[in-house]
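Mind looking over this structure? Questions follow.
The values are calculated or read from the model by the stated rules, or taken from the named source; none is laboratory data. Source: prediction; values computed, not measured. As a convention, Cβ positions derive from the backbone with ideal geometry for all residues, glycine included, and neighbour counts pool all protein chains shown. Each accessible area value is taken on the protein alone, full model and side chains, heavy atoms only, with ligands, DNA and RNA left out. Shrake-Rupley method; radii C 1.70, N 1.55, O 1.52, S 1.80 Å.
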Amino acid sequence: MANENTAPRFLIVDDEIASRTKMRAILSTFGVCEDVDNGKDAVESFKNALRYNRPFTIIALDINMPEMDGSGVLELIREEEAKRKTAPSDRVKVIMVTASSDRDSLVTCVQLGCDDYLIKPFTRETLSKKIIDLGFTPLDEETLAEQQKSERRMERIDIGMEVMRRFAQGEMDLPRPSRIYSQFLDLVREEATIQDIADLLKKDVGLTVVLIGVSNSVYYRGVEENKTLAQALNRMGLEETKKYVTLICNREFYRTKSSLHKKTMERLWEHSLASAIAAEIVTNKLKLDFADDIFTMGLLHDVGKYVLINFVEELQEKGVADTDSSREDFGEVMNKYHGKFGAVLFDKWGFSDKYIQTAMYHDDLSGTKQVSRELLVIHFANILVKSMGYGQDEDEIPELDQAASTRHLGLTESQIEEIKAELAEKMEEAQMIMAESAVP
Ligand SMILES: [Fe+2]
Ligand SMILES: [Fe+2]
């Protein structure tokens, strides 16, 4: 029955857009509406609504649809309810919608357990009367506006749930590090020589061209121009080579196909680059010795955001999510899920536990009891670069001198100032080199 606090939720299922629009116009005076244009999506929406604990109250279900027709949908819905042992009074009310010629299938639907039916074409009065007969009253404008607002909020939170669901069920395309990058990481781990690394990297022409470009940039330029990869790597040295291979190979992650989130993605790249450099500076300054490459760890700590941006973008392009959803809501989903995503990615990629931990907890150390030094460095780097403006436009930047990582690392005020100065210089340098050598 109609609850005073919650407006009924309607699911409109019809393959004809005109019919859906008309239904929506009428039903939205009673509650909130969702519509789908086919049977399969109807069943999916029905199940999702149950899963997210906001079931539909009434389904207006067109009988005549291609592929799965209305009676098929009804059957699956009743089956699902039976499986869940839903009490008869809690079952969703189903109104079958049909052209008058379909009376035969209507009999089937009654047998399958529909609650009412509506003959097309219908008037506002007929449909409204049916809803009122089922025990609902039209909402006043204020309640309606309130309901719509909270529904939109739920939908957005659902983006996050939808992301997690698809993720858990393996329905999402996850990025993989390129083959060459994985092999490169193996070589680095095995402490290979420059020659070994050159032999591997030259298999990738694009990468080779860019690396030679980097080695010939104003910053590294020698007397003679480097023409081969081995010359280039020798000039740059192993450490710098590692850095630039990492940058070039991961740059593609921070590209977006559509223009929707282009700016966010650019900011994310800048934030990641700055975090990588900052993490390295801190590590050197404190003479820490890590098994994993802290530069890569810094560069990829927010990689979960990349996946989320792409995914939300996809939902928006398909019209599943609001295109104009405010930055605030989008940010909420990002902040809530990106750590977990990053962690799962690293796990899939076979990266070490340290990577998984930094992805998961870099924004909130309180989530874990085992705070490693690596995590402290990334946590600190993350806040430092934000405080210097390298990053997304985040509203709240924690005070650097009060950050737990600052304390645990024992960084003094003057050390922080030195780190900041070095970071600003190195950032400029890296950006210049990458621009000059046309990093793709
Ligand atoms: Fe983050
Ligand atoms: Fe970050």
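Residue by residue through segment 361-392, note down the ones that are within 14 Å of ligand 1 (Cβ to nearest atom) and farther than 25 Å from LYS287 by Cα.
Passing the criteria: GLY367, GLY391, GLN392.
Another question, then. ASP302: open to solvent by less than 60 Å² (accessible area, probe 1.4 Å) and modelled with pLDDT of 90 or more, yes or no?
For ASP302, the condition - open to solvent by less than 60 Å² (accessible area, probe 1.4 Å) and modelled with pLDDT of 90 or more - is met.
I'd like to verify a number: residues in segment 93-105 that are open to solvent by less than 50 Å² (accessible area, probe 1.4 Å) and more than 23 Å from ARG24 (Cβ to Cβ), how many?
Result for segment 93-105: 1.
Restricting to segment 338-355, what's the tally of residues that are modelled with pLDDT under 90, open to solvent by 30 Å² or more (accessible area, probe 1.4 Å) and outside any loop (DSSP other than H, G, I, E, B)?
Qualifying residue count for the region: 5.
Taking ILE416 as the residue in question, decide whether it is at pLDDT below 90, within 22 Å of GLU270 (Cβ to Cβ) and assigned to a helix (DSSP H, G or I).
No, not satisfied.
While we're here: Residue check, ALA276 against (1) away from ligand 2 (no atom under 13 Å from the Cβ); (2) at pLDDT 90 or above, all met but one. Which one?
Condition (1) is where ALA276 drops out.
Another question about this same structure. Considering only residues that are in a helix (DSSP H, G or I) and at pLDDT below 90, which ones fall in segment 388-408?
LEU400, ASP401, GLN402, ALA404
Identify the residue in segment 42-65 that is in contact with a strand residue (DSSP E or B) (Cβ under 9 Å, 6 or more places away or on another chain), touching a residue at least 12 places away in the same chain (Cβ under 8 Å) and open to solvent by 50 Å² or more (accessible area, probe 1.4 Å) and, among all such residues, is farthest from GLN147 (Cα to Cα).
The qualifying residue farthest from GLN147 (Cα to Cα) is ASN64.
Please go through segment 340-364 and pick out each residue that is within 16 Å of ligand 2 (Cβ to nearest atom) and within 18 Å of ARG176 (Cα to Cα).
If the condition is that a residue be within 16 Å of ligand 2 (Cβ to nearest atom) and within 18 Å of ARG176 (Cα to Cα), then LYS340, PHE341, GLY342, ALA343, LEU345, PHE346, TYR355, ILE356, ALA359 are the ones that fit.
I would also like to ask the following. Can you tell me which residues in segment 6-32 are open to solvent by less than 50 Å² (accessible area, probe 1.4 Å) and over 18 Å from GLU125 (Cα atoms)?
ALA7, PRO8, ARG9, LEU11, VAL13, ASP14, VAL32
Give just the number: which of (1) touching a strand residue (DSSP E or B) at 6+ places or on another chain (Cβ under 9 Å); (2) open to solvent by 40 Å² or more (accessible area, probe 1.4 Å) does MET68 not satisfy?
Every listed condition holds for MET68 apart from (1).
Same structure again: Out of ASN216, ASN226, I need the residue that is free of Cβ contacts under 8 Å to residues at least 24 places away in the same chain, open to solvent by less than 50 Å² (accessible area, probe 1.4 Å) and not aliphatic (A, V, I, L, M). Which one?
Matching residue, one of ASN216, ASN226: ASN226.
If you check ILE77 against the conditions, is it free of Cβ contacts under 8 Å to residues at least 40 places away in the same chain and over 15 Å from ILE12 (Cβ atoms)?
For ILE77, the condition - free of Cβ contacts under 8 Å to residues at least 40 places away in the same chain and over 15 Å from ILE12 (Cβ atoms) - is not met.
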